[in-house]
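Okay, so here's the structure we're looking at.
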Amino acid sequence: MCTTVSCWVFNSARNSIATVQGSRRFYSRWISSRTKSKCRLFSQALSPPRITAPRSSGFGRQKAYRHTSTEEDDFHLQLSPAQVNEVLRAGESALKILDLDRRAPNAVLRFESNQLAANSPVEDRRGVAACLQTGGLMFGIFDGHGGHACAQAVSERLFYYVAVSLMSHQTLEQMEAAMESMKPLLPILQWHKHPGASIYKDVTSVHLDHLRVYWQELLDLHMEAGLGMEEALTYSFRRLDSDISLEIQAPLEDEVTRNLSLQVAFSGATACLAHVEGVHLHVANTGDCRAILGVQEDSGRWSCVPLTQDHNAWNQAELSRLKREHPESEDRTIIMDDRLLGVLMPCRAFGDVQLKWSRELQRSVLERGFDTEALNIYQFTPPNYYTPPYLTAEPEVTYHRLRPQDRFLVLASDGLWDVLDNDAVVRLVVEHLTEASRHQPDMAQRPTKLGLMQDLLLQRKAKGLHAADHNAATHLIRHAIGSNEYGELEPERLAAMLTLPEDLARMYRDDITITVVYFNSNSIDAYHRGLQEPPAQLPRPS
């Protein structure tokens, strides 16, 4: 027999499914009370009495599922507290940031990140990289829909577009000269790779060719210092989205490259990118990922400063923008059922060319011999599709000058914000910091003996208590999926949510991807006081 919590989750999912037959496919009409699927047309319906997993829209059609039966006797809660921790911590990464450039104070102390999948394969991506030409640090969260292809491509390419946009004219000339003479390029980024990060090596040369075209156009502008930060972010988002669209329109002989480009263009991704250089923080956002600041005032009180707005139907400014860009006759059809054209929840995204191209262009591209069924490309044009494009990747860019009281930055996909509000996220990060400091042994006052530490760990294990999370992103995920309606963490609920079979997990939670960036208050304070001394120069990575 299953536990009360897990049975409740399982039965609720089974009883909440209804199916509607469409042309050649079943599409889900069910929306979870906790998290709504981002793109309705991409979710395949599930039908009792036997539940099958939704078909992936990614590169492979994976068929390995943990569980497909609806019989309660076959559904068991099997995760122990130790196994819960193992699942939650599988995607953790963390790094203490070293100074890369002596021209500006290093405002970033460290970052912690984690990811928990609901889709199979996971559709979220994340990225962290240092821009070696400017010394700035970039953090990105990319939330895919209709498959992971677009999110993967954007996570690998967007940082390069930003870095190139910020290069001086002289550096761009050096890049072009190296390409012409077939010499190694100057290093552009220093990546920090997360668990599971991958590179599409088959299309890297195509991406580089388009990046080169971009920097050649920047060279033609003859700007000695490069673009300003706000312009660089805006142009980078626009240009990458344009390249994603153009790459599949151009004739490509290589079948692998052609198929991958099609999947990238017909899936979609929202993105939130933060760039930190000295005390200058810029955030560019398109879609419904989100960035917030955790601020501690002089009084000790904590507060939240939102740095982004969600681009969805609940944003009145977005509704006004959409109505301005389309005829008045479409006012009632642009947003239906709280979705763009009744289909997509975010109103801005990369890819999703089926909401940007004309019907004729879509037809001409898809008729070039693609096996759209094998590639999971959905040939669907929503009703009331009259004046495309309806979707844009144009970001909103926010600037914030860091202050000593700005303690941390949280970037996350909407899987977190669906279940936790801004203030709750700040509270949980502060709670994590307090708990972590409490569990850290005081080496100055207590003798460090291996036997004593082992005894303490054994006592904790015997009591069934989990060790304090060492990663704030993990702490947030734990509470996002394991808390009840009163905000209280319930271990049984947490275990049940992690035990859900792959074909039910997406009904109760979305992919959750989080990066928490901690700021160096002393460095920021010294900068504002004019006392900042250049740190010791470190050799640049080759």
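Please compute the length gained on full extension between LEU186 and ASP421, using 0.36 nm multiplied by the number of residues separating them and subtracting their Cα-Cα distance.
My answer for the length gained is 80.4 nm.
Which FRET efficiency value, to the nearest 0.05, do you get for SER205 and SER242 by plugging their Cβ-Cβ distance into 1/(1 + (r/R0)^6) with R0 = 25 Å?
0.85
Keeping the other protein chains in place, figure out the carbon and sulfur percent of the accessible area of the range 114-164, with a 1.4 Å probe.
Ligands and nucleic acids excluded, carbon and sulfur give 43 percent.
How do 337-350, 282-295, 394-407 rank on mean C-beta neighbours within 10 Å, highest first?
282-295, 337-350, 394-407
If you plug each phi of the range 359-367 into the Karplus form 6.51 cos²θ - 1.76 cosθ + 1.60 with θ = phi - 60°, what whole-Hz ³J(HN,Hα) values come out, in order, with x for Gly and Pro?
With coefficients 6.51, -1.76 and 1.60, one gets 4, 5, 5, 4, 5, 5, 6, 6, 8 Hz.
Could you work out the local net charge near VAL283, counting Lys and Arg as +1, Asp and Glu as -1, over the other residues with Cβ closer than 10 Å to its Cβ?
0
Assuming a ≥ b ≥ c are the square roots of the Cα gyration tensor eigenvalues, decide whether the range 242-382 counts as rounded (a/c under 1.5), prolate (otherwise, with a/b larger than b/c) or oblate.
Verdict is oblate for the range 242-382.
I need the phi-derived Karplus couplings for the range 158-174: 6.51 cos²θ - 1.76 cosθ + 1.60, θ = phi - 60°, integer Hz, Gly and Pro marked x.
Values per residue, Gly and Pro as x: 4, 4, 5, 5, 5, 4, 5, 4, 8, 6, 6, 4, 5, 5, 4, 5, 5 Hz.
Averaged per residue, what accessible surface does the range 219-308 expose to a 1.4 Å probe, in Å²?
Ligands and nucleic acids excluded, the result is 38 Å² per residue.
Please report, as a whole percent, how much of the solvent-accessible surface of the range 241-399 comes from carbon and sulfur atoms (probe radius 1.4 Å).
For the range 241-399, the apolar C and S fraction of the accessible surface comes to 47 percent.
How far, in nm, would the chain grow between HIS470 and THR372 when pulled straight, counting 0.36 nm per residue and subtracting the alpha carbon separation?
30.8 nm
Could you work out the local net charge near HIS194, counting Lys and Arg as +1, Asp and Glu as -1, over the other residues with Cβ closer than 10 Å to its Cβ?
Neighbourhood net charge equals +2.
Report the local net charge at MET229: Lys and Arg +1, Asp and Glu -1, summed over other residues whose C-beta lies under 13 Å from its C-beta.
Neighbourhood net charge equals -2.
Run the numbers for TYR486 and THR381: contour at 0.36 nm per residue of separation, minus the present Cα-Cα distance, in nm.
Length difference between fully extended and current span is 33.6 nm.
Cut-off under 14 Å on the C-alpha distance; same-chain residues fewer than 8 positions from LYS356 excluded. Which aspartates and glutamates are left, in chain and number order?
By straight Cα distance, LYS356 reaches ASP241, ASP243, GLU325, GLU394.
The values are calculated or read from the model by the stated rules, or taken from the named source; none is laboratory data. The structure displayed is predicted, hence computed values, not measured ones. A quick note on method: Cβ atoms are made from the backbone with ideal geometry, for glycine too, and the neighbour counts reach across all protein chains shown. SASA here: full protein model, heavy atoms, side chains in, ligands and nucleic acids out. Shrake-Rupley method; radii C 1.70, N 1.55, O 1.52, S 1.80 Å.
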